[in-house]
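Each remark here refers to the structure printed beneath this line.
Values in this text are rule-based calculations from the coordinates and carry no lab data. Fair warning: this is a prediction, and the values are worked out from it, not measured in the lab. Backbone-built Cβ (ideal geometry, glycine too); neighbour counts: all protein chains shown.
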Amino acid sequence: MDVHIGTSGYSYKDWKGVFYPPTLPDRKMLSYYCQFFDTLELNVTYYRIPTLRTMTGIAETTPDDFHVWVKAHQDMTHHRGKNPDIFPQFLECIRPLQDQGKFQGVLLQFPFSFKGNRENSLYLKELRERLGDLNLAVEFRHDSWVTPEVLDFLRGLNMTYCIPDEPDLPGLVPPDPHVTSHIAYVRFHGRNKQHWWRGGDRYNYEYSEEELTEWLPKIDSLSKTAQIVFLLFNNCHLGQAVRNALWMKEALS
C-alpha cells in the first residue's frame, strides 16, 4: 500500500506540550514534524501568498521523499475574480517546492455555496487550463457534485476527487471512496455536528479508534484502485489531528 499520512498545517501554538516539546522554537516545528510524517497539507496559502523565502525554507527543511500539498488561495476558490493576479502569484510561490521535488499538488477546497451546475463546471475546466498539468485535488462541500456524471467529468480533467470525512449533515458530501485519477485523497475534518454551522471551531473533534478503524477497509480499497493514497487530518485543534494521524499510521503499518 502506497499510503502517505499527514496533517493540514503544522505550525500551531496549541500543539506545544501536546505534540511538540513545550520549549521547541517555532522555527524548528517543521523539522520535528518531519520525524513523524512524510506528507504535509500547507494551508497558509489559502489566506495569503507566502514569500519565496518562506517556501524555500519549507522546501529545504523537508526530507527528499517528502510530499507537500498546497491549498489554493481563497481568491481561486471562494472569491473568484477578486484578484486577477492570484494565479501567477500562486504559481510563483510553489516554484521552490517544485524545484526541490517536494511539490505534490494543489488542493482546491470549495465552499458549500459552490454547487454543481454548468457555470461552476466550466470554472473547473478553467482551473485545469490555468494550472496546467499540476496534480489537482478538488474538495466539494455540497453534495450536488456527487453524481456519476461529475465523477466522469473529473476523470476527463484528470482531477482527483477529494474524499471528505465530515459530519453527517444534510447537504454535506458523504465519505464515499471515489477515485477519479491515479491519486486518492482523504481529508479528515472531524464530525463536530454541533459547531459545523453554528460557529466555534468546527474542526474541534477527536476521532475514536472505532471511527478510524471503519476507514481501514476503505483505505485498502483505495490503495487497490489508485497508485498513491494521501490521508490528511484537518481536525487540528489541540493536536487532535496528530494523535489521529499517528494512530492511523500505526494501524496501517
Quiz prompt | Proximal charge balance of P21 [Cβ under 15 Å; K/R count +1, D/E count -1] | solution = +2
Quiz item: So what is the orientation-averaged projected area of segment 92-185, using the convex hull of its C-alpha atoms, in nm²?
Solution: 6.5
Practice problem: Give me the distance in nm between label points sitting 7 Å out from Cα along the Cα-to-Cβ direction at S31 and T54, one decimal. | Solution: 2.1
Practice problem: Calculate, in nm to one decimal, what S223 and R198 gain on full extension: separation in residues at 0.36 nm each, minus their alpha carbon distance. | Solution: 5.4 nm
Exercise. Report the local net charge at E92: Lys and Arg +1, Asp and Glu -1, summed over other residues whose C-beta lies under 13 Å from its C-beta.
Key: 0
Exercise. Past 21 Å, Cα to Cα, is the threshold; run K16/K71; K125/K193; K71/K218; K28/K102; K82/K125 against it and keep the listed order.
Key: K16/K71; K125/K193; K71/K218
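Can you work out the FRET efficiency for the pair E214 and K82, with r the C-beta to C-beta distance and R0 = 51 Å, to the nearest 0.05? Present the calculation step by step, with values, prior to reporting the outcome.
Working: r = 40 Å, r/R0 = 0.78.
With a Förster radius of 51 Å, E is 0.80.
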Self-check item: GNM top mover of R191, R80, R95 - the chain, alpha-carbon springs below 10 Å
Solution: R80
Quiz item: How big is the Rg/Rh ratio for segment 16-139, C-alpha atoms only, Rh by Kirkwood, two decimals?
Solution: 1.02
Quiz item: Can you give the extra length, in nm with one decimal, that the chain gains between T147 and L122 once fully stretched, where that is 0.36 nm per residue apart less the Cα-Cα distance?
Solution: 7.4 nm
Self-check item: Alpha carbon convex hull of segment 3-252, volume per residue in cubic angstrom
Solution: 127
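What order do you get for 164-170, 103-109, 133-139 when each peptide is scored by the mean count of other beta carbon atoms within 10 Å, highest first?
So the peptides 164-170, 103-109, 133-139, ranked by packing, come out 103-109, 133-139, 164-170.
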